Amino acid sequence: MSASREHFSSKLGFILAAAGSAVGIGNLVGFPVSATKNGGGAFLVVYALFVIFVCLPVMMAEMAMGRSAQKDPLGAYNKLSGNSSKWRYPGFLAVLTPFMIGVFYMVITVWIFGYLVQAAIGNLDALADPSNFGQFINQTSVFYYMVGVGVLVNLILLGGVKQGIEKAAKLLMPALFVLLVGLVAYVLTLDNAIAGLRYYVVPDFSKVNASVLNGALSQAFFSLSLGMGILMTYASYISKKENIVGSAKMVAVTDSLVAFIAGLMVLPAIFSFNPNTNPAELSDSSVSMIFVYLPKIFLAMQQDIGYVGASAIAVIFFLLVFFAAITSLVSIIEVPTATLIEEKGVSRFKALLLLAGSMGILTILCTMSFGMSEWLSTMFNYGDHDPATKKSLFDFIYDVFYDTILPLNGLMVCLFVMYRWKKAKLTEELSQGAPDYAGSFTEKYVNFSLSTFIPFILALIFINTVANKFFAYNLLGF
């Protein structure tokens, strides 16, 4: 370990930073809608079980690899495997994945920032127009918002681990939680809010089927930033005295708590706006909900609190989502940043400059793939093989690197820690800072699950996703 390597200054800093990476756009909108459409409280129970029994062991394994190696994902695979050439490929994929995810996540964050600015200057009525979003994403002004987001993210990352990532997490995560609780308190006072609350928390186990189970597991896995190399990188910035097992549990609890509380805001607001809402008709797309559906709800609030009051609520909401997006984006870009610093020996400034150039070009191209450029908007054709169904560059990056590759990366972590690094090494690392871990039920369960059913589940999800996404064939029947 390099003596000059940065570390988080406290356990709290690490937990907030790791939780910030996990708490994203999907937590605030996608999770509540998924829960409502798939059994309410029943979905919440299933989700919690998957977090505890499937996601936590993978999270611990990722953190153990990062802290033991004190390196980025590529460096961790190389060091812990004894520089085995075949394990360079999973390490490279673990860095390429966040690089590409950062591109499409940047596009969405730019849109959020644009809506935040527009709501703040009094254009809520325009945002609530269903045709506005399609027009907004094809205006040249979107590139000005892109510059603003890019500058903010790079300033945070330029500060390094303590002065950048940790400071931002300690400011943005508490602010996010306060804004969220404040919005929940207000929304629950609205007429018909209880109807939405009932749909969200009352269990309906009749809706729990194989498809719901698959959705809950995918939501849990993706929500906790597993398979992105983020937790491996962040764990490389903590000392041996820290309790990884306890920290992993805290990150999972924080992420799940934010997602649950978000449901107390989103669903009551929707049902207050339209008491006859059919949950089955709500969009599964977080993008559609944030930019098309919710602005109409905020505008409808002007009947009770006036246009200025409704605009203020919209600003708070978009600020909340923007904070969640920024903390996630910072953690995503830190992975390739750490790799360039560690593996290529460049300064943090130069690494960020290289990434700003390469990711910036791809982000611009993705931004243009919604109609600005016909070629970029219709580049690919796969899945249903309908010649009329074209996929954009943005769609392709999302389908490959978010929907498909993450389970594969998680599978590689399981196989590596169990069959290359070995159980004894994993237990030794997790026991650092947690003297009661060795010999405990948790240790036995982690070793058993990572070597048996968790790899099987991840492999199944990966294979079915490839077959479904790219060949229009569903192996599992859902």
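The values are calculated or read from the model by the stated rules, or taken from the named source; none is laboratory data. If you're wondering where the values come from, they're calculated on a predicted model, not measured in any experiment. Using ideal geometry, Cβ is built from the backbone for each residue, glycine included, and neighbour counts are taken over all protein chains shown. Remember, those area values only see protein heavy atoms, side chains included, never the ligands or the DNA or RNA. Shrake-Rupley method; radii C 1.70, N 1.55, O 1.52, S 1.80 Å.
Here are a few things to note about the model shown:
- Within region 292-307, residues that are farther than 15 Å from residue 186 by Cβ reach partners that are part of a helix (DSSP H, G or I) and among the acidic types (Asp, Glu) with beta carbons closer than 9 Å, at six or more positions or on different chains, in the pairs 299/125; 307/125.
- Taking the criterion of being touching a residue at least 40 places away in the same chain (Cβ under 8 Å) and either β-branched (Val, Ile, Thr) or farther than 22 Å from residue 14 by Cβ (or both), the residues of region 170-184 that qualify are 179, 181, 182, 183, 184.
- Output for region 54-71, where each listed residue is over 21 Å from the mean Cα position of the chain (by Cα) and open to solvent by 10 Å² or more (accessible area, probe 1.4 Å): 68, 70, 71
- Scope region 221-279; condition within 24 Å of residue 310 (Cα to Cα), polar (S, T, N, Q), touching a helix residue (DSSP H, G or I) at 6+ places or on another chain (Cβ under 8 Å) and not in a helix (DSSP H, G or I); matching residues: 277
- The C-beta contact set for region 188-203 (first residue more than 12 Å from residue 272 (Cα to Cα), second residue open to solvent by 70 Å² or more (accessible area, probe 1.4 Å) and among the charged types (D, E, K, R), distance under 6 angstrom, 6+ apart or interchain) is empty.
- Residues within region 421-435 that are surrounded by fewer than 16 Cβ atoms within 10 Å (Cβ to Cβ), in a loop (DSSP other than H, G, I, E, B) and in contact with a helix residue (DSSP H, G or I) (Cβ under 9 Å, 6 or more places away or on another chain), tallied: 0
- Only one of 442, 404 that is more than 23 Å from the chain's Cα centre (by Cα), open to solvent by less than 60 Å² (accessible area, probe 1.4 Å), β-branched (Val, Ile, Thr) and closer than 24 Å to residue 216 by Cβ: 442
- For region 117-131, filtered to residues that are in contact (Cβ under 8 Å) with a residue 40 or more places away in the chain and open to solvent by 20 Å² or more (accessible area, probe 1.4 Å), the residue that is nearest to residue 332 (Cα to Cα) is 120.
For (1) open to solvent by 30 Å² or more (accessible area, probe 1.4 Å); (2) closer than 30 Å to residue 100 by Cβ, each residue gets a yes or a no:
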{"residue": "180", "(1), (2)": "no, yes"}
{"residue": "206", "(1), (2)": "yes, no"}
{"residue": "212", "(1), (2)": "no, yes"}
{"residue": "228", "(1), (2)": "no, yes"}
{"residue": "234", "(1), (2)": "no, yes"}
{"residue": "246", "(1), (2)": "no, no"}
{"residue": "257", "(1), (2)": "yes, yes"}
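- Any hit, region 340-356, residues being touching a residue at least 12 places away in the same chain (Cβ under 8 Å) and of a type in the set (S, T, N, Q): no
- Restricting attention to region 436-455, the residues that are among the polar types (S, T, N, Q) and assigned to a helix (DSSP H, G or I) add up to 4.
- Considering residues of region 72-114 that are more than 17 Å from the chain's Cα centre (by Cα) and under 30 Å from residue 315 (Cα atoms) only, the residue most open to solvent (accessible area, probe 1.4 Å): 113
- Yes/no for residue 369 being without any contact (Cβ under 8 Å) to a residue 60 or more places away in the chain and buried (at least 21 other Cβ atoms within 10 Å of the Cβ): yes
Let's see how each residue does on (1) in contact with a Cys (Cβ under 7 Å, 6 or more places away or on another chain); (2) at pLDDT 95 or above; (3) open to solvent by 20 Å² or more (accessible area, probe 1.4 Å):
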residue: 337; (1), (2), (3): no, yes, no
residue: 343; (1), (2), (3): no, no, yes
residue: 350; (1), (2), (3): no, yes, yes
residue: 362; (1), (2), (3): no, yes, yes
residue: 380; (1), (2), (3): no, no, yes
residue: 383; (1), (2), (3): no, no, no
residue: 386; (1), (2), (3): no, no, yes
